[in-house]
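Asker: Here it is, the structure in full.
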Amino acid sequence: MKVNMMHGAGGEVMGELLQTLTKFRNNNAGGIGLEAMDDGAVIPFSGTNLVFTTDSHIVRPIFFPGGDIGRISVCGTINDLAMMGGKPIALSCGMIIEEGFEIDDLAKIVASMDDALGEAGANLVTGDTKVMEKGALDGIVINTSGIGIAKNIVRDNGLVPGDVIIVSGTLGDHGIAIMAHREGFDLGEQIKSDVAPLWGMMEKVLDAGTIHAMKDPTRGGFASAINEMAKKSGVCVRIQEEKLPIRKSVRSAAGMLGIDPLEVANEGKVVMGVPLSSVDSILSALHSHKYGKDAAVVGSVTKGAHVIMETAIGGERFIEPPMGDPVPRVC
Ligand code: MG
């Protein structure tokens, strides 16, 4: 069997490939390791929790409405650190560049990375560059790794019955922005990617109350993230369809494209489960930040299994874990 595009699409099919790629006997440095398949690893060191994560970026187009490959490559790593409760400290960057790539474009990518780093209070401290022959690669690939420090670790598997599910804002913006741009849609209002570094917001939110579990709904979108959280926690999640924040423009573009906005990547959002006693304080911390102003309660956690959507017309259906993100090369 050979690798196909679905193996990189962040859903059930990618999960099958990961069964091969995660077969390391040496996979844990004393805290949370590869076996947990969380947003990052944790290495206890000298009384602190070091958080460590890595992410490669192949998004096309390289410059898209609301961002570019530089911003996404910094935000991807900062957000995975933040999802573990980690304050981002230092990032590395490996760039693989195709012969013929415009140096002006590289300068724009670097400036955009630097802006995102500045916003999150992190630094890019080490890097590597390789150039491949024309045709060997489609433009540029950027890998970033990052280390952070967490006062309190937050996992993606800590949901308990009684928790309330909160999303930090509108769902589907990034994936639908990429797809609408590729298809040349003109919907009046341009759909922009939500790509953003979330540490500033998460720092406030972590101080505001208790979070039992959280995850950023990137490839595979909300549907993938909430299913992973429910399955790992051994609980049932019930979502109320009419409470899901989805922009009108995103909903209509998604409809035209035949794509479920719940299955596409977000690059500046968080899904979290919080105890009832922390809902108000966490929501107000989210609402006070520019990246959380559309935050909403969308459901709750009960005993059982699966993710169930209570539909707007009074029915119920499963939100299935998607086979993969319907938008290829989305991040
Ligand atoms: Mg993540």
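The values are calculated or read from the model by the stated rules, or taken from the named source; none is laboratory data. Nothing here was measured: the structure is a model prediction, and the numbers come from that model. With ideal geometry, Cβ positions are generated from the backbone for all residues, glycine too; neighbour counts draw on all protein chains shown.
Asker: Out of 201, 179, I need the residue that is of a type in the set (A, V, I, L, M), closer than 19 Å to residue 74 by Cα and out of contact with any Asp or Glu (no Cβ under 9 Å at 6 or more places or on another chain). Which one?
Answerer: Result of the check over 201, 179: 201.
Asker: I'd like the residue in the range 227-243 that is in contact with a Pro (Cβ under 9 Å, 6 or more places away or on another chain) and assigned to a helix (DSSP H, G or I) and, out of all such residues, is farthest from the ligand (Cβ to nearest atom).
Answerer: Initial filter on the range 227-243 (in contact with a Pro (Cβ under 9 Å, 6 or more places away or on another chain)): 227-228, 231, 235-236.
Next cut, assigned to a helix (DSSP H, G or I) only: 227-228, 231.
Working: 227: 14, 228: 10, 231: 15 Å.
Selected residue: 231.
Asker: Of everything in the range 34-50, what is within 16 Å of the ligand (Cβ to nearest atom) and either more than 21 Å from residue 23 (Cα to Cα) or of a type outside the set (Val, Ile, Thr) (or both)? Give them in sequence order.
Answerer: Within the range 34-50, 34, 36, 37, 38, 39, 40, 41 qualify.
Asker: Looking at the range 234-241, can you tell me whether even one residue there is over 14 Å from residue 299 (Cβ atoms) and surrounded by fewer than 21 Cβ atoms within 10 Å (Cβ to Cβ)?
Answerer: Yes, that holds for at least one residue.
Asker: If you check residue 224 against the conditions, is it hydroxyl-bearing (Ser, Thr, Tyr), under 24 Å from residue 144 (Cβ atoms), at pLDDT 95 or above and not in a loop (DSSP other than H, G, I, E, B)?
Answerer: Judged against the criteria, residue 224 is a match.
Asker: Since residue 71 meets every condition but one in (1) among the charged types (D, E, K, R); (2) assigned to a strand (DSSP E or B); (3) surrounded by 17 or more Cβ atoms within 10 Å (Cβ to Cβ), which condition does it not meet?
Answerer: (2)
Asker: What about residue 170, is it away from the ligand (no atom under 16 Å from the Cβ), in the same structural domain as residue 241 (by TED's automatic domain parsing) and more than 25 Å from residue 35 (Cα to Cα)?
Answerer: Here the answer is yes, as residue 170 does meet what is asked.
Asker: Just checking, does the range 250-271 include any residue being among the small types (Gly, Ala, Ser), touching a residue at least 60 places away in the same chain (Cβ under 8 Å) and not in a helix (DSSP H, G or I)?
Answerer: There is at least one residue in the range 250-271 that is among the small types (Gly, Ala, Ser), touching a residue at least 60 places away in the same chain (Cβ under 8 Å) and not in a helix (DSSP H, G or I).
Asker: Of all residues in the range 104-149, how many are under 23 Å from residue 80 (Cβ atoms) and touching a helix residue (DSSP H, G or I) at 6+ places or on another chain (Cβ under 8 Å)?
Answerer: So the answer is 22.
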